[in-house]
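S.K.: Can you keep this structure in mind? I'll have questions shortly.
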Amino acid sequence: MTALPLVSVSSPRAKRTVTDRLEMLQALIHAPDFDPLLRPDAIRIPSAHAAYGWSCRVPDCERSKMTGKQFCHSHGGEWLTWLKNGGHIGDFLQTAKPLTSVRWLVAPPCLLCPDMPAKGQEGMCYLHTERWISYRKIRRDKGRQADFQTWLATQKPFPGFGKCQVVPCPSIADHPLGLCRQHHHRYVNAGKPGGAALPPGWTPRDLERGDLPVVTYTHEAAFRSWCAATRPVSRMNELEHPGDHLRRRPRCSEDGPGIRRRRTYRPGTRVHHRHPLVPREVGSAPPVP
C-alpha cells in the first residue's frame, strides 16, 4: 500500500481545495431545485415542519416534544396512560388539551422598549425586569402590595444596544456591553477577554436620558477576537448553514448537529438540543447551556 503525500494547510493546493468546495457549495445552494428553507445563513426550521418539526404533536400545543418522541413531557405521560388503557391515538389527539410555553423560542420586544428583547414572563427586558423585582421587594418589605400596571406606567423605555457583538449570533443585544444575555454570561465565565467594561458609576438610569454607555477595553482586539470565535446560542429551530465553516465563522450551534448529520435523522425527530430559550415546562430539568 502506498501512502498519499501530506498536503500542508498553508499550501496553495489546500487553499484551492477550500475555494473549489465553496464555489461548488454556492452553486448547489442557488440551484432552482434547492429548498429555499435551507438557503439563509441561519436556517430556521418551522415547528410543524413535515420532516424536522420539533413541536408537540398535540394540536396547538406550544411546547417542544421530547427527543425521539411525539409529545412534550406532559402529553407524553398522558399518552402512555391513555395507551395502557387501550386508547387510540386519534381519540387522544382530540381529547388532549394544548399547553402554553413558559419560555420563548424567540423573545418578543419588551413591553416598554421596542428595541430590547423581553426576558421574563412579565414581558420586559432584563433591565426593567430587575427594576420590577427590586420595586416589588421594597413594597413587600413595607407590608404593601406592588401593582404591576401602576408601576409600569411610571417607567420609561431604554434605547436599544443593537445586534449582539458575537459575529455569528443573530440575537439583539440586551446588555450595555453590546451582548445578548446568554453571551454576556459566557463572556463573564470566560474571564472577560479584552476587559470590556462600562464607565465607573454608570447605571441603567442613564439610559432614561438616552445616554448609551461608552464601553472601554483593556485590549479591544482580544474582545473582538472572542466575539469572532464564540459560537452562537443553540436554538432548537435553527441549524448551521452547511458552508458557514468554509466562509466566515465557526459552527453555528454548540453541540448541535450540522446539516450533514441532520440528513440522517428520521422524519419527526428533533434537530437540536435544548437551550435557555427553548419552550419548556415548569418543573422540568434545566436546559443544557
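The values are calculated or read from the model by the stated rules, or taken from the named source; none is laboratory data. Nothing here was measured: the structure is a model prediction, and the numbers come from that model. Counting neighbours? That spans all protein chains shown, and the Cβs are built from the backbone with ideal geometry, glycine included.
S.K.: Scan (1) touching a His at 6+ places or on another chain (Cβ under 7 Å); (2) of a type in the set (Ser, Thr, Tyr); (3) surrounded by fewer than 13 Cβ atoms within 10 Å (Cβ to Cβ) for the single condition Ser234 breaks and write down its number.
M.R.: Result: Ser234 passes all but (3).
S.K.: Which residues, taken from the stretch 67-94, are assigned to a loop (DSSP other than H, G, I, E, B) and either touching a residue at least 12 places away in the same chain (Cβ under 8 Å) or on the phi > 0 side of the Ramachandran plot (or both)?
M.R.: Here is the first cut: in the stretch 67-94, the residues assigned to a loop (DSSP other than H, G, I, E, B) are 67-72, 85-88.
Passing the criteria: Thr67, Gly68, Gln70, Phe71, Cys72, Gly86.
S.K.: List the residue pairs whose Cβ atoms are under 6 Å apart, where the first residue sits in the stretch 37-64 and is over 15 Å from Leu93 (Cα atoms), the second is at pLDDT below 80 and in a strand (DSSP E or B), and the two are 6 or more positions apart or on different chains.
M.R.: Once the first residue is over 15 Å from Leu93 (Cα atoms) and sits in the stretch 37-64, its partners that are at pLDDT below 80 and in a strand (DSSP E or B) give Ala42/Glu238; Ile43/Leu239; Arg44/Glu238.
S.K.: Would the stretch 59-70 turn up any residue that is surrounded by fewer than 17 Cβ atoms within 10 Å (Cβ to Cβ), polar (S, T, N, Q) and touching a helix residue (DSSP H, G or I) at 6+ places or on another chain (Cβ under 9 Å)?
M.R.: Among the residues of the stretch 59-70, at least one is surrounded by fewer than 17 Cβ atoms within 10 Å (Cβ to Cβ), polar (S, T, N, Q) and touching a helix residue (DSSP H, G or I) at 6+ places or on another chain (Cβ under 9 Å), which makes the answer yes.
S.K.: If I filter the stretch 185-198 for residues that are more than 18 Å from Ile172 (Cβ to Cβ) and either more than 26 Å from the chain's Cα centre (by Cα) or acidic (Asp, Glu) (or both), do I get at least one hit?
M.R.: The answer is no; no qualifying residue exists.
S.K.: Right, here's the next one. Taking Gln155, is it polar (S, T, N, Q), assigned to a loop (DSSP other than H, G, I, E, B), more than 30 Å from Pro232 (Cα to Cα) and in contact with a Leu (Cβ under 8 Å, 6 or more places away or on another chain)?
M.R.: Details: polar (S, T, N, Q): yes; assigned to a loop (DSSP other than H, G, I, E, B): yes; more than 30 Å from Pro232 (Cα to Cα): yes; in contact with a Leu (Cβ under 8 Å, 6 or more places away or on another chain): yes.
Yes, satisfied.
S.K.: Is there any pair linking a residue in the stretch 117-140 that is in contact (Cβ under 8 Å) with a residue 60 or more places away in the chain and over 17 Å from Ala153 (Cβ atoms) to one that is surrounded by 14 or more Cβ atoms within 10 Å (Cβ to Cβ) and aliphatic (A, V, I, L, M), with Cβ under 6 Å and at least six apart or on different chains, and which?
M.R.: The qualifying pairs are Pro117/Ala107; Pro117/Ile172.
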